[in-house]
Amino acid sequence: LQDQFDNLEKHTQWGIDVLEKYIKFVKERTEIELSYAKQLRNLSKKYQPKKNSKEEEEYRYTSTRAFLATLNEMNDYAGQHEVISENMTSLITGELTRYVQELKQERKSHFHDGRKAQQHIETCWKQLEASKRRFERDCKEADRAQQYFEKMDADINVTKADVEKARQQAQLRHQMAEDSKAEYSSTLQKFNSEQHDHYYTHIPNIFQKIQEMEERRIVRIGESMKTFAEVDRQVIPIIGKCLDEITKAAESIDHKTDSQLVIEAFKSGFEPPGDIDFEDFTQPMKRTVSESSLSNSRGDGKSEPKFGGKSKGKLWPFIKKNKGAGPEDFSNLPPEQRRKKLQQKVDELNKDIQKEMDQRDALTKMKDVYIKNPQMGDAASVDHRLSELGQNIEKLRLEVQKFEGWLAEVEGRLPTRTEQARRQSGLYEAQNTSAVNSCAQDRESPDGSYTEEQSQETEMKVPATDFDDEFDDEEPLPTIGTCKALYTFEGQNEGTISVAEGEMLYVIEEDKGDGWTRIRRNEDEEGYVPTSYVEVYLDKNAKGA
């Protein structure tokens, strides 16, 4: 390829372009890996449960724990793609970039030497051509001088001096021709030697170096491609472990365990209702215990409920009136749920006590150090804080005793509260406490409060306010069906109504998704009860049903 210098120069430049193209390809691959890893991490973070939120409670189920494990493994999975990007950047992109710079310098040096050798042989060729032309010119000049001498020597009219002069000129030209011949011969020999060295030594050596350089480039790009695959292969075992952990988490899902957790989370602790007694409608209808206890204060001579008349004031849904927190003792919850809440509260208070005690112990040790080494600090400076901690611990212990008392009451270890102690909400006021306590039979209702079935207990209902009178002239809601109370419910919040287990009432408004049904007992008594406490029978032909 000694005559293909220019083509080799173009080819080696193309090789460098290929290498740079491959570097660009790997660089873009690393950017894709980083972007993919970032998106996976964001996805995992997006679906992680928020701290101190309801979502954390949901992750006690095996299925949600498996999902959480999947999110964590996806985070590790993303980390492996970051490893791929880092390794490709350091092992391929960085190394090849430095190699390309070295390759360009080496190629430039080799082709500089080649061009220099090419210029040298061209210079020798020009010298040979100049020597050859000079020899040719001198030979012609010598021939012309010889012919002129011979002409002068044959001419009898020419003087001897002119002939001598022509002879000397011819001899000079012959001498110049001989010198040119000798120079041409020497230059030719030198050129042949240079040309031989050029085509058999210099150029082959330069081309050999260029070939070695090109072969190293080819080998290097092949090694980089192997590294490209090896970088991926190195993380496959770790990615496989991530996938194995996801599979393991999926296999750990236990539907029976999740079902049991649901039961433990929502069980109320109530027994199913007993059989319903037969009601003999051939006899005058007897008022239920709850009805008599709630309506006796309005007059014992009231007739049967007339649902076509006016309603004695509309009651606002208590769910809108009672948006605040529930009672401190969680008496608004079913027994089992109440027990769990109380236990949780006791545990939290005990943790707070432990924290305060730890702080007190630390300050006590600090005070001892100050007493032994007064130069380190004033022992009296921590007395105020120790006093505060003592007071806080005492307050927390009293709180624990209070909640443990309620907890013991729920678990049956202590006697239940009296009716009078339970009814301090302001809605009801007992008239005959002794009669209530002697005739009461304690029952638990599904909301966790304690009610009593009373024989003929007389209570006074809170007098109607002017607010109630504002709605006296409004038309009452039509009945859309009937319902039967499955449990006793004491409606102590505004807008609710008390019912006794087994009592039949009229439905005037269905549950609208908030868990409450609006019912009516008689013309003057209506309100909301929990939908789960009643069994509703809607009249399909009733207006508004």
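Annotations
- Residues whose amide H comes within less than 5 Å of that of GLU509, counting only those at least five positions distant or on another chain, are ARG518 (H built at 1.01 Å from N in the peptide plane).
- Amide H contacts under 5 Å for VAL534, placed H, 5+ residues apart: LEU486
- Each residue of segment 110-120 was assigned a 3J(HN,Hα) from its phi angle through the Karplus expression (A = 6.51, B = -1.76, C = 1.60, θ = phi - 60°), giving 5, 6, 5, 5, x, 5, 5, 5, 5, 5, 5 Hz with x at Gly and Pro.
- Global geometry of segment 110-213, whether rounded, prolate or oblate, following the gyration tensor of its Cα atoms and the 1.5 cut on a/c: prolate
- Intensity falloff of segment 4-259 expressed as log10 I(q)/I(0), Debye formula with alpha-carbon point scatterers, at q = 0.12, 0.16 Å⁻¹: -0.89, -1.12
- Between segment 488-521 and segment 162-215, the Cα center-to-center distance that results, in Å: 126
- The distance between label points at GLU348 and PHE266 comes to 2.4 nm (points 7 Å beyond Cα on the Cα→Cβ vector).
- The label point for ASN205 and the one for ASP6, both projected 7 Å from the Cα toward the Cβ, are 2.7 nm apart.
- Value of Rg to Rh for segment 1-111 (Rh from inverse mean 1/r over Cα pairs, i.e. Kirkwood): 1.37
- FRET efficiency for LYS132 and THR247, using Cβ-Cβ distance with R0 set to 60 Å, rounded to 0.05: 0.10
- Couplings for segment 83-92, taken from phi via the Karplus curve 6.51 cos²θ - 1.76 cosθ + 1.60 with θ = phi - 60°, read 4, 4, 4, 5, 5, 5, 5, 7, 8, 10 Hz in order; Gly and Pro are left as x.
- Summed side-chain charge close to ALA170 - residues other than ALA170 whose Cβ falls under 14 Å, Lys, Arg +1, Asp, Glu -1: -2
- Rounded percent of accessible protein surface that carbon and sulfur make up, segment 481-538, 1.4 Å probe: 45
- Accessible area per residue, Å², segment 481-538 with all protein chains present, probe 1.4 Å: 35
- Cα gyration tensor, segment 345-411 - rounded (a/c under 1.5), prolate or oblate: prolate
- Net +/- balance of residues flanking HIS112 in space, Cβ distance below 12 Å, scoring K and R +1, D and E -1: +2
- Residue-wise HN-Hα coupling along segment 10-18, computed from phi with Karplus coefficients 6.51, -1.76, 1.60 (Hz; x: Gly, Pro): 5, 5, 5, 5, 4, x, 5, 4, 4
- If you plug the beta carbon distance of ASP280 and TYR537 into 1/(1 + (r/R0)^6) with R0 = 25 Å, you get a FRET efficiency near 0.80.
- Within the accessible area of segment 4-259 (1.4 Å probe), percent carbon and sulfur: 52
The values are calculated or read from the model by the stated rules, or taken from the named source; none is laboratory data. Being a predicted model, the structure only gives us computed values, none of them experimental. Note that we place each Cβ from the backbone using ideal geometry, even for glycine, and neighbour counts take in every protein chain shown. To get the accessible areas, we keep the full protein, side chains included, count just its heavy atoms, and leave off ligands, DNA and RNA. Shrake-Rupley method; radii C 1.70, N 1.55, O 1.52, S 1.80 Å.
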